[in-house]
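Some notes on the structure that comes next.
The values are calculated or read from the model by the stated rules, or taken from the named source; none is laboratory data. This one's a predicted model, so the numbers in the text were calculated from it and none came from an experiment. Cβ sites come from the backbone with ideal geometry, for glycine too, and all protein chains shown count toward neighbours.
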Amino acid sequence: MSIQESVARAQTTLKEQPWRLFATQISVLVRNEVRRNLFTRRRIWVYLLALIPVIIIFLHYLLDKNRSPSQLEEDTFVLAGIVQFYYLRLGIFFACMGIFTWLFRGEMVDRTLHYQFLVPVRKEVLVVGKFIAGCIISIALFETAVLACFSITYLRLGSTGSSYVFEGPGLSQLGSYLLVTALACLGYGAVFLALSVLFKNPIIPGAMLLGWEAIAPIFPSWAQRLSVTFYLKHLCPVKLPIEGPMAIFAVVAEPVSPFVAVFGLLCLTVAVLVLSCFLIHRLEVTYTAE
Amino acid sequence: MTPDARQIVFDNVSKFYGEVLGVNKVNFSLEPGITSLVGPNGSGKTTLMNLLTGLIKPSHGAIYVLGLTPQQPIQFFRQVGYCTQFDSFPPGTNGYDFIYWPLRLHGFGHDQATKLTNEALERAGMAQVARRKVAGYSKGMRQRIRLAQAIAHHPSVLVLDEPLNGLDPMARSESIALFEAIAKQGMHVIISSHILEEVDRISDRVVLMSSGYVVAEGQIKEVRREVRDHPMQILVRCSNAAKLASAAFELDHVVEAKILSDGQSVLVRTRDAEQFSLLLNKIVSTGLVEVDAVAPADDDVNSIYQYLIGSDGGPA
């Protein structure tokens, strides 16, 4: 078959099967983006964000010789605090800010976005492909980190930790932590992707978002639903005994079921992604303006 | 203007970057063949090409390429290949991947994409270095690998922004031959350049731009006729240059008649070439002067450009 025939045949096939084309394009985009954004020196700070608690817990494992069963409750609270306060509010937030805003703005800075805009790919497919790639990168990093934190915490306690994990609520808590981690990556990822399409410099809106996520609990229930942490809080398996001003970060004013929390966050993610799909059509390749 | 399935149509297109003018009120349609966009830096050539390919959107007006717009990317970019002037590449990519993966985004399977990649690399003369990282390429190689990517999917419209920049004479000549071969297949090739002699030689038509406006458009000779008010230079080699020069000065439309250093040639600048030809015939018929050769001295893009915008079209 000649090259011209190959081209004509491919084009006919693709015209008849657009969804197959979209799936192929998304898989190619995801592959390219993951290669470009996961294994790169530019992401070292993201690896550090994910690994700092792991390193601290590991040092604690090496240096703290107190491994009595009474430590179990304290270590469980420490792990819950690390996940709820560090990973969900800071680590994943800033990592997603770096990863997802870079998906489009990074290409503007590198002056390579035009390559993405000069291929027969719908802009919506481009958004979805990049979003999935960002999710794979962030979820892979933070799930690994949370899993490592959990493992080291309970490994340290020997048989007490082992029975807590395999015979007690440990595995269920691990499942919840992995679920909230993944959902945080999806939620923050979608929001930062939209911000990067909307703003030339998403740092300031990102800082405003951080502030909003912190103060959202003092707002009415309907407004809280516009924050990512609102949904995540309901899925955290260990309630932290916090008092004083910091309690605002842990308080659950209006409890909702885990199903509603998961479904709500997925709806929020999809809504923000759809918004990005509209916004991307306004994006122009004008590198000189960057 | 209505979109035509064979034409590229700019319908009253303007582009403003805030208050800065990119291009203004551009109206023309292009038939298949080689079209050159000529103008100094900042004249709007790249803006026009970016508008054509949808990288930027017009503030006013509409653009149709073979009846399609960039808002239909799947159909549009199967027909269009754009070799931009941006000398940047995805980090860490090699020449082969740079062509292969966009072809996969076109929807070609591995075998087809491999075949098309190898063919494009051969056509651009980059097959030997395809597996090397693009970061290690020379400027000319980077130019050619971008060209290879633009032609890899066999587009019907090839848009090339300064495609001869950075190429050595051999590569230039090969690239020009490639553009001509593509145009002969009935495709559109749109080239921007400030190397006027090269586009002059290969173009079927020219679009002259200045400060965001199209100042002339059409075949080079047609454009020349459009600017009939401007004096045209005619070189005459004859047996008695002084006599011819003095006869020419008697005509109103002759602005200048200069005897060249060889003493046998006269360079005449006239506002009416046809009238001057009649005079020449009359002189020849009287036998006072023997004319060896008559040739237009400025029927090329550069001269037209000088007339139109008072610039040589070189970089500003």
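Name the single residue, out of those in region B:99-114 being touching a helix residue (DSSP H, G or I) at 6+ places or on another chain (Cβ under 6 Å) and more than 7 Å from chain A (Cβ to nearest Cβ), that is surrounded by the most Cβ atoms within 10 Å (Cβ to Cβ).
B:Ile99
For the structure I just gave you, tell me whether B:Ala130 is of a type in the set (A, V, I, L, M), buried (at least 20 other Cβ atoms within 10 Å of the Cβ) and without any contact (Cβ under 8 Å) to a residue 40 or more places away in the chain.
Yes: the conditions hold for B:Ala130.
What helices (runs of 4 or more DSSP H) lie completely within region A:66-134 and have 2 or more residues being more than 14 Å from chain B (Cβ to nearest Cβ)?
It comes to A:71-81, A:92-109.
Is there any pair with a first residue in region B:65-76 that is within 9 Å of chain A (Cβ to nearest Cβ) and closer than 16 Å to A:Arg282 by Cβ and a second that is charged (D, E, K, R) and surrounded by 15 or more Cβ atoms within 10 Å (Cβ to Cβ) whose Cβ atoms are under 6 Å apart and which are 6 or more apart or on different chains, and what are they?
B:Pro73/A:Arg122
Can you tell me which residues in region B:81-98 are surrounded by fewer than 22 Cβ atoms within 10 Å (Cβ to Cβ), hydroxyl-bearing (Ser, Thr, Tyr) and touching a strand residue (DSSP E or B) at 6+ places or on another chain (Cβ under 9 Å)?
Passing the criteria: only B:Thr93.
Cβ-Cβ distance below 6 Å, separation of 6 or more or different chains: which pairs start in region B:232-249 with a residue that is within 18 Å of B:Ala297 (Cβ to Cβ) and end on one that is assigned to a helix (DSSP H, G or I)?
What qualifies is B:Met232/B:Ala273; B:Cys238/B:Leu244.
For residues that are part of a helix (DSSP H, G or I), in contact (Cβ under 8 Å) with a residue 60 or more places away in the chain and under 14 Å from the mean Cα position of the chain (by Cα), tally how many sit in region B:151-192. Give the derivation first.
Within region B:151-192, the subset part of a helix (DSSP H, G or I) is B:151, B:169-184.
This time we only want the ones that are in contact (Cβ under 8 Å) with a residue 60 or more places away in the chain, so: B:151, B:179-180, B:183.
Still in the list and also under 14 Å from the mean Cα position of the chain (by Cα): B:179-180, B:183.
Number of matching residues: 3.
For region A:32-53, indicate whether the set of residues that are hydrophobic (A, V, I, L, M, F, W, C), within 14 Å of chain B (Cβ to nearest Cβ) and assigned to a helix (DSSP H, G or I) is non-empty. Reasoning before the result, please.
Filtering region A:32-53 for residues hydrophobic (A, V, I, L, M, F, W, C) gives A:34, A:38-39, A:44-46, A:48-52.
Checking which are within 14 Å of chain B (Cβ to nearest Cβ) leaves us with A:34, A:38-39.
Cutting the leftovers down to assigned to a helix (DSSP H, G or I) gives us A:34.
For region A:32-53, residues hydrophobic (A, V, I, L, M, F, W, C), within 14 Å of chain B (Cβ to nearest Cβ) and assigned to a helix (DSSP H, G or I): present.
Within region B:40-57, how many residues are surrounded by 20 or more Cβ atoms within 10 Å (Cβ to Cβ), of a type outside the set (A, V, I, L, M, F, W, C) and within 11 Å of chain A (Cβ to nearest Cβ)?
5
Would you point out which residue out of A:Ile3, A:Ile92, A:Ile82 is of a type in the set (Val, Ile, Thr) and modelled with pLDDT under 90?
On the way: A:Ile92 fails: modelled with pLDDT under 90; A:Ile82 fails: modelled with pLDDT under 90.
Only one candidate passes the filter, namely A:Ile3.
Considering only region B:259-282, state which residues are closer than 16 Å to B:Ala241 by Cβ and at pLDDT below 80.
none
Answer yes if at least one residue in region B:166-176 is at positive phi and assigned by TED's automatic domain parsing to the domain that holds B:Glu31, and no otherwise.
First pass over region B:166-176, keeping only residues at positive phi: B:166.
Of the ones still in play, those that are also assigned by TED's automatic domain parsing to the domain that holds B:Glu31 are B:166.
Checking region B:166-176: at least one residue is at positive phi and assigned by TED's automatic domain parsing to the domain that holds B:Glu31.
Could you please give the count of residues in region B:136-150 that are surrounded by fewer than 19 Cβ atoms within 10 Å (Cβ to Cβ) and either over 29 Å from the mean Cα position of the chain (by Cα) or under 18 Å from B:Gln79 (Cα atoms) (or both)?
The total comes to 1.
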